[in-house]
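Some notes on the structure that comes next.
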Amino acid sequence: HQNEVEQSTYNFEHANVDKLFELFDFYESEANRLIKLELPLPTYEMVLKASHTFNLLDARRAISVTERQRYILRVRTLARDVAQSYLQARARLGFPMATPELRDEVLAKLEAAQ
């Protein structure tokens, strides 16, 4: 109970809004940089951090209704990009954990889509 009370107090009353805006921009730029380096797992971490930071900004009511939609789109774009990056990384490895049938099916679909 105490953890929930303290975290909620921080989230709704004391989170540093200016720093959160800076952090969101940083996490977004890092995610985009890491995607270019073909590092989907650290990219995913940055996407999670950006999403959490957005939620804190939203809890503090620091984002207008119009801005909120833009931030959601920014997080959604990052999530889509990291998912595509991860799929490509696993495809390059030949989906080593998949059954041969599933691997062949997915690789064929990816090849047909190109």
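Send over the per residue convex hull volume for the chain, Cα only, as a whole number of Å³.
On the way: hull volume 16.0 nm³, N = 114.
Convex hull of Cα atoms, per residue: 140 Å³.
Filter the trypsin sites (Lys or Arg not before Pro) in the range 1-105 to those in DSSP coil with at most 13 other Cβ atoms within 10 Å of their Cβ, and list the result. Each step should come with its number before you reach the end.
Values: sites: Lys19, Arg33, Lys36, Lys49, Arg60, Arg61, Arg68, Arg70, Arg74, Arg76, Arg80, Arg90, Arg92, Arg103; in loops: Arg60, Arg61.
Those that pass, being in a loop and sparsely packed, are Arg61.
Please determine, in degrees from 0 to 90 and to the nearest 10, the orientation of helix 17-36 with respect to the longest principal axis defined by the Cα atoms of the chain, where the helix direction is its Cα long axis.
With both axes taken from Cα atoms, the answer is about 10 degrees.
What does the convex hull of the alpha-carbon atoms of the range 8-68 project to on average, in nm²?
Values: hull surface 17.1 nm².
Approximately 4.3 nm², given one-decimal rounding.
Once the Cα atoms of helix 65-92 and of the chain are each reduced to a long axis, what angle between those two axes, in degrees from 0 to 90 to the nearest 10, is obtained?
Helix 65-92 sits at roughly 30 degrees to that axis.
If I stretch the segment between Leu41 and Thr66 completely, what's the gain in nm (0.36 nm per residue apart, minus their alpha carbon distance), one decimal? Walk me through the intermediate numbers first.
Values: separation 25, 0.36 × 25 = 9.00 nm, distance 3.07 nm.
Result: 5.9 nm gained on full extension.
Highest GNM mean-square fluctuation, the chain, Cα pairs closer than 10 Å: which of Phe12, Phe26, Phe54?
Checking each option, the largest mean-square fluctuation is seen for Phe12.
Rounded to the nearest 500, what is the 222 nm mean residue ellipticity of the chain from helices alone, with -39500 (n - 2.57) per DSSP H run of 4+ residues and division by all residues? Mind dumping the intermediate values first?
On the way: 5 runs with 90 residues, N = 114.
Helix-only estimate at 222 nm: -26500 deg cm²/dmol.
Pick from Ser64, Ser51, Ser85: which residue has the top mean-square fluctuation in a GNM of the chain where Cα pairs under 10 Å get a spring?
Greatest mean-square fluctuation among the candidates belongs to Ser64.
Charges only on Cβ, +1 for Lys and Arg, -1 for Asp and Glu: so what's the dipole of the chain about the Cα centre, in debye to the nearest 20?
On the way: 15 positive and 17 negative charges, 58 e Å.
Charge dipole, the chain, about its Cα centre: 280 debye, nearest 20.
Which whole-number percent gives the relative contact order of the range 2-113, counting Cα pairs below 8 Å spaced six or more residues apart? Please report the intermediate quantities before stating the final value.
Details: 74 pairs, mean separation 30.1, N = 112.
This gives 27 percent for the range 2-113.
All of the numbers you see were taken from the coordinates with simple rules; none came from a lab. Because the structure is predicted, anything quoted here is derived from the model rather than measured. So basically every Cβ, Gly included, is an ideal-geometry build from the backbone, and we count neighbours across all protein chains shown.
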